[in-house]
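For reference, the structure is listed below as structure tokens.
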Amino acid sequence: MEERTKPDALYAEPVKRRKIYVRIPEGAEIYSMCEHSFRDLAGEAHAVRKVHGTCLVNTVVLSKYIEQIYG
């Protein structure tokens, strides 16, 4: 009996889920910006949250802000 082959799509790597909250250095790398510019832009978008002294940026809010203002 001939063995059936499955489409390559079934064996593809699973898509990585995008993080909602990122730290400043990681977000700057994701958006290809320097950290200072990223921090300023996140502040303008009101996307910064402080959790136990750590600044986290909501990438969903930031992306919507960029699309509205610059898009």
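Just so you know, all these numbers are worked out from the coordinates, no wet-lab data involved. Note that the structure is a prediction, hence the values are computed from the model and not measured.
Structure summary
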quantity: For the range 60-70, 3J(HN,Hα) per residue [Karplus equation, 6.51 cos²θ - 1.76 cosθ + 1.60, θ = phi - 60°, Hz, x = Gly/Pro]; calculated: 5, 5, 5, 5, 5, 4, 4, 5, 5, 7, 10
quantity: Extension gain from E44 to I69, taking 0.36 nm per residue of separation minus the Cα-Cα distance; calculated: 7.9 nm
quantity: Mean shadow area of the range 18-69 over all directions, Cα convex hull, nm²; calculated: 3.3
quantity: In Hz, Karplus ³J(HN,Hα) per residue of the range 43-56 (6.51, -1.76, 1.60; θ = phi - 60°; x = Gly, Pro); calculated: x, 4, 7, 6, 10, 9, 10, 9, 10, 6, x, 9, 7, 10
quantity: Full-extension gain in nm, I20 to S32, via 0.36 nm per residue minus C-alpha separation; calculated: 2.6 nm
